[in-house]
Amino acid sequence: MEFDRTLPPTVLLKYYLYQATTTFGFVTPVFTLFLLWRDLSYTQIGTLGSVSAVLVVVGEIPTGYVGDRFGRRASLLVGSAFLAFSLLGFLVAQSFSAFIALYVLWALGLAFQSGSDDAWLYEILDARLDASQFTHVRGRGASVNQWAGVVTMLVSGVLYDSDPRLPFLVAAALLGCSLLVLLSMPTTSSQTDREENTLFDVLPVLRRRLTVPPLRSTIVYLALFFGVTSAANTYVQPIVTGTIGIPETSLGPLYAGFTVLTATASYYAGAIEARLSTKWTLVLVPVVVSVFLLGSVLVPVAALPTFALLKAARSTVSPIASGYVNDHADAVGRATLLSAASMAYALVRVPLKPLTGVVADATAPLPALACLGGLFLICAAVVWLWETPVSDSTPRFDRHTE
């Protein structure tokens, strides 16, 4: 079914509006600089990322179950509220312990959103439109989110230069708008007519799905990629301002340029998948990114295009990976399965962020990037020796046998 040749259906317009109001463009270009301004070290910043990842690991399955049990929209509402309150907390936080508390709230907000947004979209498409269009719509939704990020990033540096707390205040207000959008969005059919499954009913199904090929090796491979890119993103600002010498006031336009590229990549994620196939997109893109990370230590100026490639690659891979996992799920437990995948991604970030922080403190941010690239290539080779990740097949499970 083709439904995108004219104005998208109202339900998709609301989804795109939700994506526009959940951008973090006001704070993304200055986030690390803000923490450094609060006198945190790279090791402490990496530890905060690790704390967030641990909370995601602990909270992903329970929050995914909340989405399955009580509704995708309810889970998204809680997530947006937690994220908004966390951003407001950054206005007054001074100590490392205070930032840990805010990161806990932030992680819970992300966990409530994780899985539920993709599950909501997949089921809406399946019930009202065409589920095969998931990657296409999800990619365009991400593109809308990133274009909204472009607009907000353009003023981020100016706001930060005026008062480092201003970007966080404005970002919290924008997230508050997402709550109003969510209240106007419909529930999915599985939320209004579903079996009363408990978390203990879902966990055995989850275990069976995640421990069989090709999903298990694919999740591991993607977790390595998302972990490496997440850790590498920490060093964009110090490398750009310190090593390359771009002024802080130019960070907003620079990030806006990054985001134009990533928005374009997200928009065409479906076309890229159709051209290369799901398997080769998910397999080759992470390898190319890692090679560039490894080489940036030899040519420091290359760090700038490497960051652009990293962000575009992540935006391309993310909707395709989510669609791949969705194709291996049924309506019952869908958000839980997607959350479990996100949990695996977060699990890799737990050691990566503080360890790369130690490397950056001991040497410099560029060697830390090279270590991340080399680590992925080595670990990816081990995964391939164990089991070939990603299959173009989409096996279905008989629920009566589970």
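The values are calculated or read from the model by the stated rules, or taken from the named source; none is laboratory data. The shown structure was predicted, so the numbers you read here are calculated from the model rather than taken from an experiment. Backbone-built Cβ (ideal geometry, glycine too); neighbour counts: all protein chains shown.
Side notes on the structure shown:
- Test result for PHE96, surrounded by fewer than 21 Cβ atoms within 10 Å (Cβ to Cβ) and at pLDDT below 75: no
- Summed over segment 290-307, residues that are touching a Gly at 6+ places or on another chain (Cβ under 8 Å) and hydrophobic (A, V, I, L, M, F, W, C) total 5.
- Residue match in segment 328-345 (condition: in a helix (DSSP H, G or I), charged (D, E, K, R), closer than 30 Å to SER75 by Cα and at pLDDT 80 or above): no
- Checked against the criteria, SER80 does not count as under 19 Å from THR28 (Cβ atoms) and modelled with pLDDT under 80.
- Close pairs from segment 155-169: first touching a residue at least 60 places away in the same chain (Cβ under 8 Å), partner of a type in the set (Ser, Thr, Tyr) and assigned to a helix (DSSP H, G or I), Cβ under 8 Å, at least 6 apart: SER156/THR28; SER156/TYR255; GLY157/THR249; GLY157/SER250; VAL158/THR249; ASP161/THR249; PRO167/SER156; PRO167/TYR160
- Odd one out for LEU366, checked against (1) in a helix (DSSP H, G or I); (2) of a type in the set (A, V, I, L, M); (3) farther than 20 Å from THR47 by Cα: (3)
- Scanning segment 36-57 for residues being among the aromatic types (Phe, Trp, Tyr) and either within 22 Å of the chain's Cα centre (by Cα) or modelled with pLDDT under 85 (or both) gives a total of 1.
- Scoring ARG194 on the criteria (1) in a helix (DSSP H, G or I); (2) at pLDDT below 80; (3) charged (D, E, K, R) leaves a single failure, condition (1).
- Residue ID - surrounded by the fewest Cβ atoms within 10 Å (Cβ to Cβ), chosen from residues in segment 238-297 that are over 24 Å from ALA148 (Cβ atoms) and aromatic (Phe, Trp, Tyr): TRP280
- Test: VAL170 is closer than 30 Å to PRO247 by Cβ, modelled with pLDDT of 90 or more and assigned to a loop (DSSP other than H, G, I, E, B): no
- Among (1) buried (at least 16 other Cβ atoms within 10 Å of the Cβ); (2) of a type outside the set (Asp, Glu); (3) at pLDDT 90 or above - the single one ILE378 does not satisfy: (1)
- Within segment 280-322, the residues that satisfy the criterion of being farther than 27 Å from ILE244 by Cα and within 20 Å of the chain's Cα centre (by Cα) are THR281, LEU282, VAL283, LEU284, VAL317, SER318, PRO319, ILE320, ALA321, SER322.
- Tally, over segment 1-35, of residues that are assigned to a helix (DSSP H, G or I), under 20 Å from ARG138 (Cβ atoms), aliphatic (A, V, I, L, M) and at pLDDT below 90: 3
- Among the residues here, SER266 qualifies as part of a helix (DSSP H, G or I), in contact (Cβ under 8 Å) with a residue 60 or more places away in the chain, over 20 Å from PRO365 (Cα atoms) and touching a Pro at 6+ places or on another chain (Cβ under 8 Å).
- Subset of segment 117-153 [of a type outside the set (A, V, I, L, M), more than 17 Å from TYR16 (Cβ to Cβ) and crowded, with 23+ Cβ neighbours inside 10 Å]: none
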